[in-house]
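Let me begin by presenting the structure, written as structure tokens, before commenting on it.
The values are calculated or read from the model by the stated rules, or taken from the named source; none is laboratory data. Not measured: the values here are computed from a predicted model. Please note: Cβ atoms are built from the backbone with ideal geometry, for glycine as well, and neighbour counts cover all protein chains shown. SASA here: full protein model, heavy atoms, side chains in, ligands and nucleic acids out. Shrake-Rupley method; radii C 1.70, N 1.55, O 1.52, S 1.80 Å.
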Amino acid sequence: MPLPHSLMQQEISRRLARVRAAMREKSYDALIVYGDNKVRGSLRYLTDYFPDRAGWVSLGATETYLFEGAAFVLSKEGEGVLLCDPGLTPSKEVFADKVVTGGFAASKEVGLSASYLEGLLKDWKARRAGIETWDRFPAPLYLDLAKRLPHTRLEKSTIVEEIMSRGARNGDAAHAAVVSALRGGASTELEVIRVAEAVMRNADPVYEDMVSLSPSLICSGFPLAGSLLHHPRGWKRIEPGDVVHWDITSQYEGYAIDTSRTKTLGRPTDSQARAYQAVLTIFGEVLKAAKPGLPAVDLVTLAIRVARDCGFDFWGPFLGHGAGLDLHERPDLVREATLLQADMVLAIEPRLAIGEMYLMGVEDLVRVTESGGVSLNRFEKEPLALEAG
């Protein structure tokens, strides 16, 4: 159930206060927080709004506009204004002092446009402005804005990225549904994943779509399209003796779910059992080390070392990523040296490959604390073997 309006308003106000404090530290006069229909976490964090569609809208007899994004423009002390692309209109109440959108009758000068941004930043006498979600910010919009404001410094900002941390809600229920389906004789990879997705969608039918960010994946024996972990196939049958590793993704009230488990259909071989115990050992050591102040890449180095100590090569070397309002947030657990912070949420997902056939792995959403990582998922990781029901 969504938070009551008054409580959500208090939460948004708290977030804005933290962001403005960070703006003052960086000497920002304004912050432009961009989001589109694929990467929208920072935008939603401050407004509870995200673009939920994309497409074309006509601006005249011969002129069209591709809409997909919006930006929350925040002054260091005054108002916050939500600007939507022509063609976008919030379908629910949002938290902003002002919302500017012309809907489907808009012109390109209304809403998220260089001319409107220019007016705001000039009114605020902004000499320095940060841009969140920099890598997704439209290049034509940036170039036009920079031309209009030659004396305003526009630069990449990660203020909001560094503040957000969120947890998962109902991935465990989806795992339980997968195990039940496998026990009941689910016959294909696609059937297994659809069972999990149905549970997560029914829990929150408004914000369930995760396909644009990362679809649920599976491995039940040999690679497809060059990868052991792949999109589920309706023709790939799951047979007794297979190792089934599933990685399910969705959202709950806008927050990311990303979690995985592994089961063998029947008694595992000695090599499979040994590999899975190594995965659990890696996961446990990484969990203990996930404390504030540690460079994220050090978790990857640790996972690789523990895998080798157990007699295996680490699969990847991808260990996971940050998770929150977007599925794959910073830090990226491959090479990034960003320092972990208290209350960050990480998707920790160590895996080992057995030949070119199977994957052994687990994944939990993990909260970083002073005493180490705390798993937000509670679904069992053992036993590995799944006997038919």
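Within the stretch 314-334, residues that are in contact (Cβ under 8 Å) with a residue 24 or more places away in the chain have Cβ atoms under 8 Å from residues that are in a loop (DSSP other than H, G, I, E, B) and small (Gly, Ala, Ser) in these pairs: GLY322/SER165; ALA323/ALA168; GLY324/SER165; LEU325/GLY254; LEU327/SER214; HIS328/SER214; GLU329/ALA323; VAL334/GLY316, counting only partners at least 6 apart in sequence or on another chain.
Highlighted here are the strands (runs of 3 or more DSSP E) found entirely within the stretch 308-389 that include at least 3 residues which are open to solvent by 20 Å² or more (accessible area, probe 1.4 Å): 329-333.
In the stretch 133-155, the residue that is nearest to LEU339 (Cα to Cα) out of those that are among the basic types (Lys, Arg) and modelled with pLDDT of 95 or more is ARG153. Which of the residues belonging to the stretch 44-64 are crowded, with 17+ Cβ neighbours inside 10 Å, on the phi < 0 side of the Ramachandran plot and either modelled with pLDDT of 90 or more or not aliphatic (A, V, I, L, M) (or both)? Of everything in the stretch 44-64, those that are crowded, with 17+ Cβ neighbours inside 10 Å, on the phi < 0 side of the Ramachandran plot and either modelled with pLDDT of 90 or more or not aliphatic (A, V, I, L, M) (or both) turn out to be ARG44, TYR45, LEU46, THR47, TYR49, PHE50, PRO51. So, ALA278, is that one on the phi < 0 side of the Ramachandran plot, in contact (Cβ under 8 Å) with a residue 60 or more places away in the chain, in contact with a Cys (Cβ under 7 Å, 6 or more places away or on another chain) and open to solvent by less than 10 Å² (accessible area, probe 1.4 Å) or not? Yes, satisfied. Here VAL99 passes the criteria (1) modelled with pLDDT of 85 or more; (2) open to solvent by less than 30 Å² (accessible area, probe 1.4 Å); (3) farther than 22 Å from LYS26 by Cβ except the one numbered (2). Selection of the stretch 366-380 for residues being among the acidic types (Asp, Glu) and over 13 Å from ASP343 (Cβ atoms) yields only GLU380.
Out of the residues in the stretch 16-36 meeting the condition of being open to solvent by less than 60 Å² (accessible area, probe 1.4 Å), of a type outside the set (A, V, I, L, M) and not in a strand (DSSP E or B), tell me which one is modelled with the lowest pLDDT. For the stretch 16-36, the residue satisfying everything is ARG20.
All of (1) of a type in the set (A, V, I, L, M, F, W, C); (2) without any contact (Cβ under 8 Å) to a residue 40 or more places away in the chain; (3) within 30 Å of VAL33 (Cβ to Cβ) hold for ILE304 with one exception: (3). Within this structure, VAL94 fails the test of being under 26 Å from the mean Cα position of the chain (by Cα), surrounded by 21 or more Cβ atoms within 10 Å (Cβ to Cβ), in contact (Cβ under 8 Å) with a residue 12 or more places away in the chain and under 30 Å from SER6 (Cβ atoms).
For the stretch 270-282, state whether one or more residues are modelled with pLDDT under 95 and among the aliphatic types (A, V, I, L, M). No, every residue in the stretch 270-282 fails to be modelled with pLDDT under 95 and among the aliphatic types (A, V, I, L, M).
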